[in-house]
Amino acid sequence: MDQQRHNLKLLEAQSHNSMPETLFGSNWEAHAVKVYTHKVFFVFQEEVKFSVNACSVCGYTPPDPVSNFEVSIVEDVNKRKRYAVEYNRRTMDVRCACKLFERKGILCNHIIWICSGNFKEIPEKYILRRWSKNALRNPVYDLNGNLLENNDLTCNSKFGMSRVWSQIYATVVLLENATIIVY
């Protein structure tokens, strides 16, 4: 159990103290690198790549007066299929026929293709806390609702020490990778 906690702390330190490289220059990719863990970011980055390279709009239906949903038909070259992406500008609700977000909690390339031009950042409601860098900062309760562990930044000295060790670990990693020249 201690080994698992140690590994989790190392991954958390890596996630908070380094940033993966963004490849496509999109606002959504830049936002994703700040909020997602590295592993989830790389999955999201693949979706961004497919949205840039494999998606195009081949149909559009204006907003319905009752539901306010407009429908775009996105052609996915890789899958050789078309997907209906429904988007409500008023509520910022979006859903795709491929249902990737419902299945995995990550926006699909079809939604990214349609919405990245409308928003500078990924809408908050589409960033699941479990995939974010801050996922471990929630308090932990047992089945009866009793507080087991408080991970709040302001009142947890244990977390403060963890952050200090994370900074030390990140510095050691940087030093290991640095080339030191002695004169």
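General remarks:
- Residue within the range 145-165 that is exposed (fewer than 11 other Cβ atoms within 10 Å of the Cβ), in a helix (DSSP H, G or I) and modelled with pLDDT of 70 or more present: yes
- Restricting the range 130-144 to residues that are part of a loop (DSSP other than H, G, I, E, B) and of a type outside the set (Lys, Arg), the residue that is modelled with the highest pLDDT is 144.
- The selection criterion, being outside the structural domain of residue 164 (by TED's automatic domain parsing) and at pLDDT 90 or above, holds for residue 56.
- Residue in the range 103-125 that is at pLDDT below 85, more than 19 Å from the chain's Cα centre (by Cα) and exposed (fewer than 14 other Cβ atoms within 10 Å of the Cβ) present: no
- Flag if residue 36 is modelled with pLDDT of 90 or more, surrounded by 14 or more Cβ atoms within 10 Å (Cβ to Cβ) and more than 20 Å from residue 129 (Cα to Cα): no
- Test: residue in the range 70-87 that is assigned by TED's automatic domain parsing to the domain that holds residue 116, farther than 28 Å from residue 42 by Cα and loosely packed, with under 15 Cβ neighbours inside 10 Å: no
- Number of residues in the range 35-48 that are touching a residue at least 60 places away in the same chain (Cβ under 8 Å) and more than 16 Å from residue 117 (Cβ to Cβ): the value is 6.
- Subset tally (residues that are surrounded by 15 or more Cβ atoms within 10 Å (Cβ to Cβ) and of a type in the set (S, T, N, Q)) for the range 39-63: 2
The values are calculated or read from the model by the stated rules, or taken from the named source; none is laboratory data. All of these numbers come straight from a predicted model, not from anything done at the bench. Positions of Cβ are backbone-derived with ideal geometry, glycine not excepted, and every protein chain shown enters the neighbour counts.
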